[in-house]
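Here is the structure we will look at, set down as structure tokens.
Read-outs: derived from the displayed coordinates by stated rules, not from any lab. Keep in mind the model is a prediction, meaning the values are calculated, not measured. Positions of Cβ are generated from backbone atoms using ideal geometry, with glycine treated the same way; all protein chains shown enter the neighbour counts.
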């Protein structure tokens, strides 16, 4: 054995070009992450409604008919919900805004009781500096909200247009994306991508069903318990279902916090109600509704949400779970394919 022999590592030019291309693509996606987030949302929505378009295609009907029907139903439901919930939401929002000064007064009393501690540790001066700059923050925050609303409306329209395009030309888009892969991977991707789409569609539709069911149960339960802001809390609970494991905790904390403005005893009842409801969700609803979908382990979910929030803020956190579910589906199908070939 020649100990002094040198080991040479040869890297093909094509491989080096691919590595550089992947790095440049990752950098471009990070730089354009806001646009990439909109495209991903459109892709997920297209996967969600693609079964309707596929059904029309199987019956020799235009795919546009199925996509248009989904859009029509969506806007009809959205208009119905706006008609039913707009007035209660405005009423509860006004009530919450009017109760905040009283709640702030309680906080001030607690702060005053800790005045000696704050003076000793120099917190009073910091609070004063914070309060002096609060007015400017509020003013800039109002303009920020208006700008965000305008940008959100444009993003909403863009997502609808992209979703329509992806749904109409799903086969062509899928073929183009698969064509970007190497020849060795293309046969596998041709078979596995439709299966991933079906599982992702099942996951997204199950998530939507859970959101509607949990929001309804929370509204009914809080109404029976005579808790104020039941509509707002129910809507928050429904939207929070987009982030499994983390979202329900956020909804619980907010619900208990808002109920504390009314009564500590009632807040305790609401805490027990949410804990019981979450147990029903985890042990009964999730196994029944999500049995065809790929589950994401809680630890992986938390890591994905943290990474998504770091990269893309709130939008990244919301998109992290679907992306993680898609990757898990890919690796699961890849492992099944390898086992079948052995």
(request) Along Cα→Cβ, 7 Å out, is where each label goes; now give me the distance between the ones at residue 193 and residue 212 in nm to one decimal. (result) 3.0
(request) Can you figure out the FRET efficiency of residue 13 with residue 34, using R₀ = 35 Å and their beta-carbon distance, to the nearest 0.05? (result) 0.50
(request) Just need the relative contact order of the stretch 251-334 here, percent rounded to a whole number, with Cα pairs under 8 Å and 6+ apart. (result) 18
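Using only the Cα atoms, what convex hull volume per residue in Å³ does the stretch 200-280 have?
Numbers: hull volume 5.9 nm³, N = 81.
In the stretch 200-280, the Cα hull volume divided by residue count equals 73 Å³.
Rounded to the nearest 0.05, what FRET efficiency is calculated for residue 177 and residue 339 with R0 set to 41 Å and r the Cβ-Cβ distance? Display every interim value, and only then the final one.
Working: r = 26 Å, r/R0 = 0.62.
Once rounded, the FRET efficiency stands at 0.95.
Arrange 83, 223 by Cβ neighbour counts within 10 Å, fewest through most, would you? Numbers along the way, then the final one.
Values: 83 9, 223 12.
Result, fewest neighbours first: 83, 223.
Convex hull over the alpha-carbon atoms of the stretch 186-336: what's its volume per residue in Å³? Don't skip to the answer; put the middle values down first.
Details: hull volume 16.9 nm³, N = 151.
In the stretch 186-336, the Cα convex hull volume per residue is 112 Å³.
Neighbour counts of other C-beta atoms within 10 Å: give me 272, 67, 254 arranged from fewest to most.
On the way: 272 9, 67 23, 254 16.
Going from sparsest to densest Cβ surroundings: 272, 254, 67.
Report the gain in length on full extension from residue 153 to residue 90: 0.36 nm times residue separation, minus Cα-Cα distance, nm rounded to one decimal. Walk me through the numbers on the way to the answer.
On the way: separation 63, 0.36 × 63 = 22.68 nm, distance 2.01 nm.
Full extension of this stretch gives 20.7 nm more.
If r is the Cβ-Cβ distance from residue 73 to residue 332 and R0 is 35 Å, what FRET efficiency results, to the nearest 0.05? Walk me through the numbers on the way to the answer.
Working: r = 32 Å, r/R0 = 0.91.
So, using R0 = 35 Å, E works out to roughly 0.65.
How long is the gain from residue 299 to residue 26 if the chain were fully straight, where each residue apart is worth 0.36 nm and the alpha carbon distance is subtracted?
So the extension gain works out to 95.8 nm.
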(message) At a 10 angstrom cut-off on C-beta neighbours, averaged per residue, how do the peptides 228-237, 177-186, 303-312, 56-65 rank from highest to lowest?
(response) 228-237, 303-312, 56-65, 177-186
